[in-house]
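Notes follow the structure.
The values are calculated or read from the model by the stated rules, or taken from the named source; none is laboratory data. Predicted model only: the values in this text are computed from it and were never measured. Note that each Cβ is placed from the backbone with ideal geometry, even for glycine, and that neighbours are counted across all protein chains shown. Note: accessible area is taken over every heavy atom of the protein model, side chains too, but ligands, DNA and RNA are not part of it. Shrake-Rupley method; radii C 1.70, N 1.55, O 1.52, S 1.80 Å.
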Amino acid sequence: MKKNRFLMIAAAAAMLVSCGGGGSMNFGDNEYPVQTVGTQNAASQTTYPAAIKGIQDVEIRPKASGFITRVCVQEGQTVSAGQLLFVIDNETYQAAVRQAQAAVNQAQAAVNTATSQMNTAKLTYDNSQQLHNNKVIGDYELQSSKNTYESAQAQVNQAKAALAQAQAGLASARETLSFCYVKSPASGVVGNLPYKVGALVSASSPQPLTTVSNISTMEVYFSMSEKDLLEMTKASGGANAAIQNLPAVKLMLADGSIYNHEGRVTKVSGVIDQSTGSVSMIAQFPNPERLLKSGGSGSIVIPRNNANAIVIPQSCVMEVQDKHFVYVLQDSIVNYTEIVVEPQNDGRNYVVTSGLKIGDKYVTNGITKLQDKMVIKPITPEQYEKKMKDAEKLGEAQGDASKLKEVFSK
């Protein structure tokens, strides 16, 4: 029995020897995979923090001062233009309307009286003219009758002016009374209602009564850097052309999901904010499901497609203090080379904007073992993959042999 166990252990040892002894792979100490730089289509995207607002956000503020007696809507309710929202205590204003109406009635009565007197004076003057023509009365009597008629005319004009003034006062009183009935100037959705029944409000109140937002279409505000805008403007021949040439944009919501409707950039500010060096822009998104709410936040995602981009894996790039480096091969010597990459990436690759050119060769794996000016023996990525697979098989074989030896040693 001991002899058989010994023979089996010897066989396992022979297997270990045939698999490479102590587990060392058949890699050269200076063998590293090297890839040649080429170009390819690169789809990338740029994101910008954004604020979401309705296409029309109207603050509702009272013109009249008083206590709120009725709140006619609820938060989140959809209202139409002209719909009643609030009622403010209006007893004082109704009394003012009644007083103005009385003044109008009094002025109208004065006009009627003056008109009647004028008509009487007109008849007297007409009779005086006939008598004067018949030589019955003289010029003095005719002139006196004429003066009386003209005075009556002046009184009528004065009474009509007083009536017009009273009517204007009545219109003003009615308009002031209408201020107590706060109506929505536009269709939309009611926002917060900070004031309840009994609250004293006025035009100078710190908060509006509410906000009515038209959210059928949403405007998403974001800022683009001056550099990005200049690049777009130069490429398209103008800011308006650049906006028209922009592809449809996406909206990333606060939970990280992508809104299911695409939008278009419609407006760009003509002024650069000196404090931030950015330009304000607006994109519009349809909102048929009312998913977007005014006051929300998210990120604008602008896709970009580069047909001749230099794309390299992130695994072959070293990052040191926000700078990026690769090992470029030249005459079997690697050079520690800084590159510039686009800030936006897919998490796996970088798009290189400078530092590498077509035809350059860079090390793709094992970069942590390299040093600047180090001499290496380049191999292809395919050769590297094959060696890695061989190493994996070797590790599995060694593990099986170790288990076998453990079993027979018992």
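Which length gain, in nm to one decimal place, applies between residue 336 and residue 123 when the Cα-Cα distance is subtracted from 0.36 nm times their residue separation? Mind showing how you got there, number by number?
Details: separation 213, 0.36 × 213 = 76.68 nm, distance 11.68 nm.
Stretched out fully, the residue 336 to residue 123 stretch lengthens by 65.0 nm.
Could you give the angle, 0 to 90 degrees to the nearest 10, between helix 2-18's Cα long axis and the longest principal axis of the Cα atoms of the chain?
The helix 2-18 is inclined about 60 degrees to the chain.
I need the trypsin sites (Lys or Arg not before Pro) found in the range 293-363, filtered to DSSP loop residues with at most 14 other beta carbons within 10 Å of theirs.
Details: sites: 293, 304, 323, 348, 357, 361; in loops: 293, 348, 357.
Listed in order of number, the matching sites are 348, 357.
Determine ³J(HN,Hα), in whole Hz, for all residues of the range 174-182 in sequence, where each value follows from phi through the Karplus function 6.51 cos²θ - 1.76 cosθ + 1.60 and θ = phi - 60°; x replaces Gly and Pro.
With the stated coefficients, the range 174-182 comes to 5, 5, 4, 5, 5, 4, 6, 10, 7 Hz.
Using Cα atoms only, what is the angle between the long axis of helix 226-236 and the major principal axis of the chain, expressed in degrees (0 to 90) to the nearest 10?
Value to nearest ten degrees: 90.
Where the centroid of each part is defined by its Cα atoms, how far is the range 76-116 from the range 201-244 in Å?
Cα centroid to Cα centroid, the span is 42 Å.
For residue 392, what accessible area in Å² do you get when you roll a 1.4 Å probe over the heavy atoms of the protein chains, rounding to the nearest 10?
Accessible area of residue 392: about 110 Å².
How much area per residue is accessible in the range 262-380 when the probe is 1.4 Å and only protein heavy atoms are counted (Å²)? Intermediate values should be presented prior to the final figure.
On the way: 6840 Å² over 119 residues.
Roughly 57 Å² per residue, with all protein chains present.
What FRET efficiency, computed as 1/(1 + (r/R0)^6) with R0 = 22 Å and r the Cβ-Cβ distance, is obtained for residue 267 and residue 230, rounded to the nearest 0.05?
On the way: r = 18 Å, r/R0 = 0.82.
Efficiency, rounded to the nearest 0.05: 0.75.
May I ask you to give the percent of accessible area on the chain that is carbon plus sulfur, with a probe radius of 1.4 Å?
Details: 12640 of 24690 Å².
In the chain, the share of accessible area belonging to carbon and sulfur is 51 percent.
Mind giving me the FRET efficiency for residue 65 and residue 192? R0 is 25 Å, r the Cβ-Cβ distance, nearest 0.05 is fine. If you can, show how the numbers build up before the last one.
Details: r = 21 Å, r/R0 = 0.85.
For R0 = 25 Å, the calculated efficiency reads 0.75.
Please work out the FRET efficiency for the pair residue 147 and residue 181, using the Cβ-Cβ distance as r and a Förster radius of 51 Å; give the result to the nearest 0.05. Walk me through the numbers on the way to the answer.
Numbers: r = 52 Å, r/R0 = 1.02.
The pair residue 147/residue 181 has a calculated efficiency of 0.45.
Counting Lys +1, Arg +1, Asp -1, Glu -1, what net charge surrounds residue 303 among other residues with beta carbon under 11 Å of its beta carbon?
Details: positive: 250, 304; negative: 262.
Once positives and negatives cancel, what remains is +1.
Could you give me the ³J(HN,Hα) list for the range 256-263, computed from phi with Karplus coefficients 6.51, -1.76, 1.60 and θ = phi - 60°, whole Hz, x at Gly and Pro?
Per-residue couplings from phi come out as x, 7, 9, 4, 7, 10, 7, x Hz.
For the range 87-127, what is the convex hull volume of the alpha-carbon atoms per residue, in Å³? Can you show the working numbers first?
Details: hull volume 1.6 nm³, N = 41.
Taking the convex hull of the Cα positions in the range 87-127, it is 40 Å³ per residue.
Quickly estimate the mean residue ellipticity at 222 nm for the chain, helices only: each DSSP H run with n ≥ 4 gives -39500 (n - 2.57), and the total goes over all residues, rounded to 500. Can you show the working numbers first?
Values: 6 runs with 146 residues, N = 410.
So the helix-based figure for the chain works out to -12500 deg cm²/dmol.
Work through the residues other than residue 122 whose Cβ is under 11 Å from its Cβ and net out their charges, Lys, Arg +1 and Asp, Glu -1.
Computed value for this residue: -1.
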